[in-house]
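Participant: Dropping a structure here in structure tokens format, bear with me for questions.
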Amino acid sequence: MTRILLVGLAGSLGTVTRYLVGLAASRAFGESFPYGTLIVNLLGCFLIAAVAEAALTPTLISPTLRLALTTGFLGGLTTYSSFNLETTRLFQDRAWAAGLVNLLVTATGCFLAGLLGAATARRFVH
């Protein structure tokens with residue numbers, strides 16, 4: 001029961017964080033492109049890879065903390081469904097360039113952020 005509560009609490013914190021990043025990104029960069037979603041997806045890919053790598057050393061991150069961070073906080077933070085909806089809307093609105101940029105930057109950027117997150121954790125943990 002403790003793990004369920006921790007995942008739920010961490011997930012709600014991730015969701016609130018995603019909302020706040022979205023607001024900040026809209027204010028900073030405007031609303032013509034889904035910057036907030038891109039930011040949280042890149043950050044989430046980096047962090048989940050770093051946590052997974054760091055968790056290979058069980059004395060550093062316990063299985064319960066790993067679960068709360070990955071399934072909870074990062075599950076609430078990252079937004080594939082939002083990314084999908086926003087990209088679909090860009091294409092439906094015939095904003096072809098923005099849709100393609102969002103698709104390519106998100107897919108490539110998240111892959112690279114994941115590699116960077118794992119490498120960063122390896123550097124500091126192992």
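Participant: Looking for whichever is farther than 19 Å from C110 by Cα, in contact with a helix residue (DSSP H, G or I) (Cβ under 7 Å, 6 or more places away or on another chain), surrounded by fewer than 16 Cβ atoms within 10 Å (Cβ to Cβ) and at pLDDT below 95 here; the options are T59, T64. Which one fits?
Facilitator: T64
Participant: Return the residues of region 25-45 that are of a type in the set (G, A, S), modelled with pLDDT of 95 or more and buried (at least 20 other Cβ atoms within 10 Å of the Cβ); say none if nothing qualifies.
Facilitator: Across region 25-45, the qualifying residue is only G36.
Participant: Which of the residues that make up region 1-24 are in contact with a helix residue (DSSP H, G or I) (Cβ under 7 Å, 6 or more places away or on another chain) and either crowded, with 21+ Cβ neighbours inside 10 Å or not in a helix (DSSP H, G or I) (or both)?
Facilitator: A10, G14, R18
Participant: Go through the residues of region 61-79 one by one and say whether even a single one is assigned to a helix (DSSP H, G or I), of a type outside the set (F, W, Y) and either over 30 Å from R123 (Cα atoms) or more than 19 Å from the chain's Cα centre (by Cα) (or both).
Facilitator: Among the residues of region 61-79, at least one is assigned to a helix (DSSP H, G or I), of a type outside the set (F, W, Y) and either over 30 Å from R123 (Cα atoms) or more than 19 Å from the chain's Cα centre (by Cα) (or both), which makes the answer yes.
Participant: Considering only region 90-111, how many residues are assigned to a helix (DSSP H, G or I), surrounded by fewer than 14 Cβ atoms within 10 Å (Cβ to Cβ) and free of Cβ contacts under 8 Å to residues at least 40 places away in the same chain?
Facilitator: Qualifying residue count, region 90-111: 7.
Participant: Next up: Yes or no: R122 among the charged types (D, E, K, R), more than 25 Å from L20 (Cα to Cα) and modelled with pLDDT of 95 or more?
Facilitator: No, not satisfied.
Participant: A further question on this structure: Go through L69, L77, L65, L20 for me and flag whichever is free of Cβ contacts under 8 Å to residues at least 12 places away in the same chain and within 20 Å of I4 (Cβ to Cβ).
Facilitator: L65
Participant: Further question on the same structure: Sort out which residues of region 31-52 are part of a loop (DSSP other than H, G, I, E, B), touching a residue at least 24 places away in the same chain (Cβ under 8 Å) and out of contact with any Ser or Thr (no Cβ under 8 Å at 6 or more places or on another chain), and write them in order of number.
Facilitator: S32, F33
The values are calculated or read from the model by the stated rules, or taken from the named source; none is laboratory data. Note that the structure is a prediction, hence the values are computed from the model and not measured. Cβ coordinates were reconstructed from backbone atoms using ideal geometry, including for glycine residues, and neighbour counts include every protein chain displayed.
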